[in-house]
1. Write out the GluC sites (Glu not before Pro) in the range 13-53 meeting two conditions: DSSP loop, and at most 11 other Cβ atoms within 10 Å of their Cβ.
2. Which Cα, out of Pro16, Pro50, Gly61, lies furthest along the positive dipole direction of the range 1-96 (beta carbon charges, K/R +1, D/E -1)?
3. Calculate how many DSSP beta bridges within the range 7-140 are antiparallel, expressed in % of all such bridges and rounded to the nearest 5.
4. What are the extents of the Cα atoms of the range 7-140 along their three principal axes, in Å, largest first?
5. Karplus couplings for the range 150-161 from phi (6.51 cos²θ - 1.76 cosθ + 1.60, θ = phi - 60°), rounded to Hz, Gly and Pro as x?
6. Let me know the charge dipole size of the range 7-140 about its Cα centre in debye, to the nearest 20, where only the beta-carbon of Lys, Arg (+1) and Asp, Glu (-1) is charged.
7. Full extension from Ala150 to Glu185: what is 0.36 nm times the residue separation minus their Cα-Cα distance, to one decimal in nm?
8. Along each principal axis of its Cα atoms, how long is the range 154-312 end to end? Whole angstroms, biggest number first, please.
Amino acid sequence: MKTAPLTLVGDGIENPWNARVLQAASAMFGESCRFLDRSGLAAAWSAALPEAEPLATLTPGDLAAHAPLIALDNVPGAQSVYGFRPPRGLHPALVAGNERNGVSREVLALASHSVQIPMAGKRLDTINVAAASAVALYYLSRGGGGSLQAASHPHKRRPELLFLGAADHVEVGSAIRSAGAFGWERVLLEDRSNVWFGAPRHVTAEGRGAARRHRNPIRLVPAAPDASYAFNDVWVVTRTEGDLPLSRANLATGPRGLLVIPDETAVDLDTEPWDRLGARVRFAHLDLPAADFPYHYRLIASIALAEAARQVGQKTRVSGRPTRAEPLYDSALTLLAAEQGETVDLGELGAY
């Protein structure tokens, strides 16, 4: 079921770089992106990106033209984005909110529906706003997709994870945050561009940027480009390469399986020696409607992680009223670099 084109609306976004990646997220699905400018975003955008086109903005009154209006926020009563069937409408819109405070109460009052992305991290339950928007657009554009699986022992179904060749420190930092929020406690990181291990302090500080409150340790294991592994099943997730769309790939292969997300700006998919990773290597693609869009590693990685987490599943939880302590995409992460014994506290850094 393909829905009508969704307008992505950023409500009160403060960081112009987040706004830029929100535009990229909407472009992945051939959609438009507009902003409710509540905190001087347009001015910050012009200062940070003087060569870019001016932001497309709207007012809360303009939202009346959009139906259904869907808020992306973990407010009480929000439905899981997994399996959510958007009602029909000529001008649907998805609203993602401020990096710290989420969707404004004014817009929540206008929204006909609210959706949230289920998180499985022990304490980290938020991801970057643009990454969250890409995940929501992926499922909403497919009429919700499959529902979240129930699993008695999710850890027995969760594959190992390899981030391969990421070339941008902020992009890989945001992807690591997504991994922690979706329940991974360890990530193999093949840092070919030296953007993480051993990078200058100002680069590592920016790349490890995440916003305040909470701690959630995740172990980063340096992986050599020539290392060989003995995984039984390896799934490589890309934008376009592969016989199967992501939703049809069985990603819940357990610890003997490996989920690989290569940075396609730096990794040549045709020449990479994939057979070094395991016995059976297969490719899955995101099945995106847009053929050309600005590539951001965090967006591709977060969609792949969301689908793997959906398939891995979560234990059934006692129903109750969810709390809205923070928005869906803003929290802090403590990273443990296993080989170097480096502990990075991200609690005081800014959000990316």
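1. Values: sites: Glu14, Glu31, Glu51; in loops: Glu14, Glu31, Glu51.
Passing both the DSSP loop test and the Cβ count: Glu51.
2. Gly61
3. Working: 2 of 21 bridges.
So the antiparallel bridges amount to about 10 percent of the total.
4. Here the spans come out as 40, 37, 28 Å, largest first.
5. 8, 9, 6, 9, x, 5, 7, 10, 7, x, 5, 10
6. On the way: 9 positive and 11 negative charges, 88 e Å.
It works out to roughly 420 debye.
7. Working: separation 35, 0.36 × 35 = 12.60 nm, distance 1.97 nm.
Taking Ala150 through Glu185 to full extension adds about 10.6 nm, to one decimal.
8. 40, 34, 34
A short reminder: the numbers here are calculations on the coordinates, not readings from a lab. Just so it is clear, the model here is predicted, and its values are computed rather than measured. Cβ: placed from backbone, ideal geometry, glycine included. Neighbour counts: every protein chain shown.
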